[in-house]
Structures are given as C-alpha cells and as structure tokens.
Amino acid sequence: MSGRLAIISPSMATPQFSRRSLLKSIAAAAPATVIPSALLSQGAGQHHVAPGPFQPTWASLTAGYQTPEWFRDAKFGIWSCWGPESMPEQGDWYTRNLYLQGSKQNEFHVANYGHPSKFGAVELNGTWKAERWQPEQLMDMFVAAGAKYFVALAQHHDNFDIYNSRFHEWNSVKVGPKRDIMAVWAKEARKRGLHFGVSNHGAHAWHWLQVAYDYDPEGPMQGVRYDAYTLKKLDGKGKWWDGLDPQKLYTGRNIVMPDGFTSVAEANQWHEANDRPWNEGIPTMDPGFAENWFLRCQDLVDTYDPDLVYFDDTELPLGQYGIDLVTHFYNSSVRKHGKVDVVVTAKEIKPEHVGSVTLDIERGKANGILAQPWQTDTCIGDWYYSRSLLDTHKYKTPTFVIHSLIDIVSRNGNLLLSIPLRGDGTLDEDEHAFLTGLASWMQVHGGAIYGTRPFTVFGEGPPDAAASGTFNEKRQRPYTTEDIRFVTKGDTLYAFAFVWPNDGKLLIKTLAKGSAAFPRPVQRVELAGVGRIAFGQDGSGLHLTLPAHAPNPYAYAFTIHT
C-alpha cells in the first residue's frame, strides 16, 4: 500500500472528533490511499481513497467512527424506492422474476410485454419516463408527514444508475427519463432542510441478473435463450438504445444456466443453488465488476454529497471495496466538516465491527435498547410499487407505522419508511390518505419523538412476540393497554400508550413512587393535544385519569414533569 494514514485509537475517538484541529491536521498531512494493483480487478486502473484520519480497515473504521447527532435527533426518514422496476406495478424484484418461468411476474410480463427473449430489462428501462413526477409536491408531503431525512434509490440489483453516472452508461440521464433524478431529489430535500441519503444495492447485480441469460425450460418457447444471451452493442443500431452495450447492463455471463433443463422445478432448483444465494463477495469470473461498482459508488457520493449511504448488504459490499468506499466517504466528510458527519447503514454487523457503521434492520427491530444508534427500514407495502396493494387496500396503516416508530425510537433506533411511487412518479390515493393520517399525528407529537434519547428501560408490557432481527415485523403481537414506551429529552420524560383504555384509567408501573428507574416524584402530567390531566402516584405506579375521548385514533404521548 502506497501512502499511510493514521489510525484513530479508541481514546482519540471519544468524544466523537471533538478535537477538530487534530483531525484537520491529520487530513491535511495524509496522502491519498492508493490500492495496490494486486487488489484490483483485472484490467482495471487503480482507484483512490480520500486522505484523512481513517485507514481502509475494519479496525480503523470501528475505532474512529460515531453516529452523528443529526441522525440520532432525526428519528424518522422517508425513502423512495423508484426506478424502471416500478413501471409494471408488479412489486419487488421484477427485473429478475420476469425471467423466471412460472413466476407470477413472468406470466404478467409475457402477457403484457412479450417473451423475455424479445423484451427484457433493456426494453423495460426504456419505458420508464417519469412523466408525471412532481418532486416538489412529493417532498412537501414527506415533510408534512414528519420526515427529517429523505433517501433516494440510486442503484438497485437491476444495475441501472438513477443518476448522471460517469462510469455506467445505463443511467437515468441517457435512458428513460433523460434526467438526473438524484440531483433533483437532493435539491428538493435540502431546500426543505432535510438531510439527504442515497441507497446502493448494486453489489448483487452480477449474480441477481444472471437469469437474463436463461431460457424457458417448458412450453412453446422451450430452450430459446433470453435477450441477454444474444444482445450485443451492434444490435442497437437504429434503435432507441443505439450506442449502448446491453452486456454492461446485464453484467456478462457469470453464472449461466446450462442447457438441457426441461422443467421449471429443475431450473428453480439450479437457481437456488447457483445465482440466488445472497453472495457478498467479488465474482471470481469477473473481478472487474467490483472495481466498476466502487467507481460508480464513489462518483455517487462525491457528486451528490449525501449525508447517508444505505447498503443492502450483510456488513459492507464486495469485501475490501466496500471498506474502501466507506473510508473514502468518512475521510471526505472530515475534510468538509472537521468531523465525520455522515452515516453508512449496513446489516448484520459482526460484534467485532459494531460501531464502524450504523446497523440497519430490514423490516424488523431490536428487542431491547442498543448501545449504538440503529435503524429499521421498512415499506408501507412492497419496496417497488404493486398495484394489487392499492386494489386490495393492503398498505400498512398509519396506526401500524406510528406504533412501530414509537417502539423503535424507545430502543434507540430510527425508522426509514419507503413510500413507493408508480412508474410515472405519482402516489396513489391510498398513499395520499396514509401520508395525511401520519402527518396529523406527527404534527402534534413530533416533539416527543425528535431529539429524544432512550430512558433507562424502553418500556413495559407483555414480552415481545418476535425475537430481535430482520423480517420480524409480521410477528409483532397486537399492543394492549399494558404496553407503555419511554423516551427522554433532557430532564423531560415522555411515556407513550398505544391503546386507549375503555375505562379511562391508565397505569404506568415503571413510574411507581420511589421507583429506581424514576425516583423523583411526579408533579404534573400533560397529554399531547389535550393539556394537563389528573394523576396519582403510589407504590403500584403512576395512575392517569384520561379524558372521555381519545384525542386521536393512533397513539398517545404523555409528558411527565417532576
């Protein structure tokens, strides 16, 4: 490794980069890290990491990083998972599943677009025009609904860049909308005082998109290879994608399904063993993919200067390349702000790497207060727009999301909520109603959410039905009048109730007179949206006498004064 960067020791890192002059001197003196050619993809040039106090190692990231206060204060963000895959309005993973014979999305695709040998991801990308997208109005709705940060999808597993990418020609400026979607999102978010984030899921494209080289194992088109297998740059002559190379979109023949399968079951079994596993590594058959991913992601963070980068990976993408990217991102932040003021989220972080990045739990939550700030990411429906959820009115309700937000914040977490757009850039009527309901609650109760920190306990009530971890939100038991959650802000304690008791009486056991958790006597209690309410405190708890009617249909915040 040419060049050497200082590693911040744990003692130097606490408190978080308060010694601004030290960091600035380190950043000014340290040369850029150049990754040796032996670590790079074959045939690729050397990539560079910004100079600064971090070295591209787990040890350096873990010792020197701390989640910034803006993120801890924000608590709630909205995410737009939007791109070409939104066009069919058929939900998640459409660009993969359109090539999987027997899937519902494949059946829809054949019926509405044609066989994947003739109409695949190349043509689907061309249908996305974003012709009714009104980002100003959307961002106003997101702000009204309480968002303090906004995250835009930059690249999904479909290998399409939703920004003006310098290192990938299949992007939203050259294809589809012919606009720099990311620049517009960033402008509108920052104009309204929101922190801005980007999500990058593209490290999996090299195996996720290999189905585009498949064929139907059954039926009248049996054995006919799909479009990726045959399309070349020259095939675009005279077409709308003239000059673009389809193989750069499809990532090349990395794991091609062999000839000879004669049943969907047999083909699916092969996929489950070969291209379906969630592979976090560098493809040995195409090491240049990882270098290209790094350059595209570095271009993304350097050009759009996000406050947050979301990675859809177990820890960091593509081995050393992910570590290099985070190092570059952190060091760049130090140069601009004198401290690391940015967030990188990752999933399933190993114990020895806790603190290097911010933990994200997809569609789930922690089962207690975590020492480090963390985030849940979830969606009101599918990540990509699904028309069936509108037709059946199956979106998450404002009540479910508000309850989730309260519970997550009480455990030292944030909630990032995706609101999927139609392909044309609009929201449907149920999504409008959802945001209106959420806004009505957040505008009254935001003071008990934003800027808060965990209490000594997250709450009280029956044990959680779901263990800590990803994809556990569907196992959440219904809340009862016994469920209470707590947060603090300075000397103020907030207690949340989820269910309005029929008898107008609410007991908070944790706040019993003389309780070790809250030894000070309560002097006054206020109910958000109402004002002061009657109470009594004894050895069994804090007894609240509630108004005759609930002030809202969702959840209830009490301010406890001592």
Item to check | Condition check for Phe518: under 25 Å from Lys75 (Cβ atoms), assigned to a loop (DSSP other than H, G, I, E, B), modelled with pLDDT under 95 and touching a Lys or Arg at 6+ places or on another chain (Cβ under 7 Å) | outcome: no
Taking the stretch 407-424 and keeping residues more than 16 Å from the chain's Cα centre (by Cα) and assigned to a loop (DSSP other than H, G, I, E, B) leaves Arg411, Asn412, Arg422, Gly423, Asp424
Residue hits (the stretch 244-285; on the phi > 0 side of the Ramachandran plot and in contact (Cβ under 8 Å) with a residue 12 or more places away in the chain) are Thr251, Gly252
| Quick check: anything in the stretch 162-177 in contact with a Gly (Cβ under 6 Å, 6 or more places away or on another chain), at pLDDT 95 or above and under 24 Å from Glu291 (Cβ atoms)? | yes
Just to be sure, is His549 within 39 Å of the chain's Cα centre (by Cα), modelled with pLDDT of 95 or more and surrounded by fewer than 12 Cβ atoms within 10 Å (Cβ to Cβ)?
yes
Exercise for the section: Confirm whether Thr470 is surrounded by 14 or more Cβ atoms within 10 Å (Cβ to Cβ) and out of contact with any Leu (no Cβ under 6 Å at 6 or more places or on another chain). Expected result: yes
Looking across the stretch 139-155 at residues that are crowded, with 17+ Cβ neighbours inside 10 Å and out of contact with any helix residue (DSSP H, G or I) (no Cβ under 8 Å at 6 or more places or on another chain), the single one that is farthest from Lys75 (Cα to Cα) is Leu153
Over the stretch 76-113, the set of residues touching a Ser or Thr at 6+ places or on another chain (Cβ under 6 Å) and open to solvent by 40 Å² or more (accessible area, probe 1.4 Å) is Met87
When Thr376 is run through (1) within 14 Å of the chain's Cα centre (by Cα); (2) assigned to a loop (DSSP other than H, G, I, E, B); (3) closer than 19 Å to Thr470 by Cβ; (4) not aromatic (Phe, Trp, Tyr), the failure sits at (2)
Restricted to the stretch 241-287 and to residues being small (Gly, Ala, Ser) and surrounded by fewer than 17 Cβ atoms within 10 Å (Cβ to Cβ), the residue modelled with the lowest pLDDT is Gly281
Residues of the stretch 379-422 being without any contact (Cβ under 8 Å) to a residue 60 or more places away in the chain, of a type in the set (D, E, K, R) and touching a Lys or Arg at 6+ places or on another chain (Cβ under 9 Å), in sequence order, are Arg411
Of the residues in the stretch 259-273 that are part of a loop (DSSP other than H, G, I, E, B) and out of contact with any helix residue (DSSP H, G or I) (no Cβ under 8 Å at 6 or more places or on another chain), the one that is nearest to Ala203 (Cα to Cα) is Asp259
Residues of the stretch 459-514 being of a type in the set (Lys, Arg), within 27 Å of the chain's Cα centre (by Cα) and outside any loop (DSSP other than H, G, I, E, B), in sequence order, are Lys474, Arg475, Arg485, Lys489
Would you say Asn159 is in a helix (DSSP H, G or I) and either on the phi > 0 side of the Ramachandran plot or free of Cβ contacts under 8 Å to residues at least 24 places away in the same chain (or both)?
no
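Per-residue answers, yes or no, for (1) open to solvent by 30 Å² or more (accessible area, probe 1.4 Å); (2) within 14 Å of the chain's Cα centre (by Cα); (3) at pLDDT below 95:
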| site | (1), (2), (3) |
| --- | --- |
| Tyr310 | no, yes, no |
| Gln320 | yes, no, no |
| Tyr330 | no, no, no |
| Val334 | no, no, no |
| Asp341 | yes, no, no |
| Val344 | no, yes, no |
| Gly355 | no, no, no |
By my count, strands (runs of 3 or more DSSP E) wholly in the stretch 308-364 with at least 1 residues that are free of Cβ contacts under 8 Å to residues at least 60 places away in the same chain and either within 22 Å of Leu194 (Cα to Cα) or in contact with a Pro (Cβ under 6 Å, 6 or more places away or on another chain) (or both) are 343-347, 358-362
By residue number, the members of the stretch 177-197 that are open to solvent by 10 Å² or more (accessible area, probe 1.4 Å) and more than 22 Å from Asp360 (Cβ to Cβ) are Pro177, Lys178, Arg179, Asp180, Ala183, Val184, Lys187, Arg190, Lys191, Arg192, Gly193
Residues of the stretch 324-343 being over 15 Å from Ser60 (Cα atoms) and touching a helix residue (DSSP H, G or I) at 6+ places or on another chain (Cβ under 6 Å), in sequence order, are Arg335, Gly338, Asp341, Val342, Val343
Of the listed residues (Thr456, Thr480), the one being touching a residue at least 40 places away in the same chain (Cβ under 8 Å) and open to solvent by 40 Å² or more (accessible area, probe 1.4 Å) is Thr456
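The values are calculated or read from the model by the stated rules, or taken from the named source; none is laboratory data. It should be emphasised that the depicted structure is a prediction, and the values quoted were computed from it without experimental measurement. Neighbour counts are summed over all protein chains in view; Cβ atoms, including those assigned to glycine, are modelled from backbone coordinates with ideal geometry. Heavy atoms of the whole protein, side chains included, go into the accessibility calculation; ligands, DNA and RNA do not. Shrake-Rupley method; radii C 1.70, N 1.55, O 1.52, S 1.80 Å.
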